[in-house]
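Input: a single structure, listed below in structure tokens.
The values are calculated or read from the model by the stated rules, or taken from the named source; none is laboratory data. The structure presented is a predicted model; accordingly, all values stated were derived computationally and were not measured. Don't worry about glycine lacking a Cβ; one is built from the backbone with ideal geometry, like all the others, and counts go over all protein chains shown. For accessibility, only protein heavy atoms count, side chains too; no ligands or nucleic acids. Shrake-Rupley method; radii C 1.70, N 1.55, O 1.52, S 1.80 Å.
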Amino acid sequence: PWAVSAYPNPFSDIAYFDVSTPLAMPAQLDIFDVRGRRVRTLSSPAEAMRWDGCDQRGIPAASGVYFYRIQQGAQSAVGKLVLLQ
């Protein structure tokens, strides 16, 4: 089965994403703010997904609630994270 969890949550430095998958292919991680604006997109092996709390330009994002979507092939999962800067 395909499953995703994020930890620690809330986080202040780096959020790690535990992706359990039988697929050997890269995954894409999208981070969105509460208004639905994409803050960051990352692509890496599913077992190494993490977000450093920065936006696409490398600027630290504001404290608050963020949503994530991880996609790998036809599989996707969504969740919520709280960033405390």
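What pairs can you find where one residue is in the range 1-24 and acidic (Asp, Glu), the other is surrounded by 13 or more Cβ atoms within 10 Å (Cβ to Cβ) and in a loop (DSSP other than H, G, I, E, B), and their Cβ atoms are less than 8 Å apart, with a gap of 6+ or different chains? So the pair list comes out as ASP13/ASP52; ASP13/GLY53. Just to be sure, is PHE17 in contact with a strand residue (DSSP E or B) (Cβ under 6 Å, 6 or more places away or on another chain), within 16 Å of LEU83 (Cβ to Cβ) and modelled with pLDDT under 95? Yes. Considering the range 3-14, and only residues there that are modelled with pLDDT of 90 or more and under 11 Å from the mean Cα position of the chain (by Cα), the residue that is most open to solvent (accessible area, probe 1.4 Å) turns out to be TYR7.
Take the conditions (1) among the polar types (S, T, N, Q); (2) crowded, with 19+ Cβ neighbours inside 10 Å; (3) under 11 Å from the mean Cα position of the chain (by Cα); GLN72 misses just one of them, which is (3).
In the range 21-73, which residue that is part of a loop (DSSP other than H, G, I, E, B) and at pLDDT below 90 is nearest to PHE11 (Cα to Cα)? Only one residue tops the list, namely MET49.
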